[in-house]
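S.K.: Right, I'll just put the structure down here and ask away after.
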Amino acid sequence: MMKRLLCLALFMQTLLFPVGEAGAVWLLIQPGAGPAGIGNAMAARTDNSVMSYYNPAGLAFLTSSHISLSRMQWLPGFNLDMYHNFLSFSHQLNEMIAIGGNMIYFSHLVCNVCDDSESEYWSITLNYSMMLSSSSSVGFGLKAFKQNWIDFGSGAGQPSKTEWINYAFDIGYLKKFNALDFGLSIVNMRDGIS
């Protein structure tokens, strides 16, 4: 019964939130050196709190509390002064339920012509994960994020600051087999992100 509900929810997601133009693309910058080393194939991993970003269902398999922090310079060869900061946590409430979350702060200097204005982006995600059986789990996440950037537009006037706060949802499923783990994760579900 639970499998049918999950399949129905994933199918309904494609109808309610169809694929469209990219927006808030900075949310797709994957954190951590470990995930980058394996091509960001993290949907079925269950070893640390970074799972709160990749697949919230993986948090239910953790047996203790975790915290992870990373800071990296984005595109370091271009000297753009762009930094991606990531903090994640997880906490096991009992053997069936875990909570977790992550915070991302991304900022960069826009240009020295605009009084050294800084564009900043942040997101806060809270996750809930529960075991469906001893080998499968499901997870949900709610994300709030803000974008603040300089809009140069097409006119000859002064650039203006554009700022907005929005939200998105994450959903994930994880199934462990004897020699193989299967993970499915849909992140940043939201209609109208621009």
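The values are calculated or read from the model by the stated rules, or taken from the named source; none is laboratory data. Note that the structure is predicted; figures quoted are calculated from it, not measured. Cβ sites come from the backbone with ideal geometry, for glycine too, and all protein chains shown count toward neighbours. Accessible surface areas use protein heavy atoms only, side chains included; no ligands, DNA or RNA. Shrake-Rupley method; radii C 1.70, N 1.55, O 1.52, S 1.80 Å.
S.K.: Please verify whether segment 62-72 includes one or more residues that are closer than 21 Å to PHE140 by Cβ, of a type in the set (A, V, I, L, M) and touching a residue at least 24 places away in the same chain (Cβ under 8 Å).
M.R.: Yes, that holds for at least one residue.
S.K.: Oh, and also: For segment 92-123, what are the residues that are modelled with pLDDT of 85 or more, over 18 Å from ILE29 (Cα atoms) and open to solvent by less than 80 Å² (accessible area, probe 1.4 Å)?
M.R.: Matches in segment 92-123: GLN92, ASN94, ILE97, ALA98, ILE99, GLY100.
S.K.: Quick check: is even one residue across segment 26-37 β-branched (Val, Ile, Thr) and without any contact (Cβ under 8 Å) to a residue 60 or more places away in the chain?
M.R.: Applying the first criterion (β-branched (Val, Ile, Thr)) to segment 26-37 yields 29.
Those still in the list that are without any contact (Cβ under 8 Å) to a residue 60 or more places away in the chain too: none.
Taking every residue of segment 26-37 in turn, none turns out to be β-branched (Val, Ile, Thr) and without any contact (Cβ under 8 Å) to a residue 60 or more places away in the chain.
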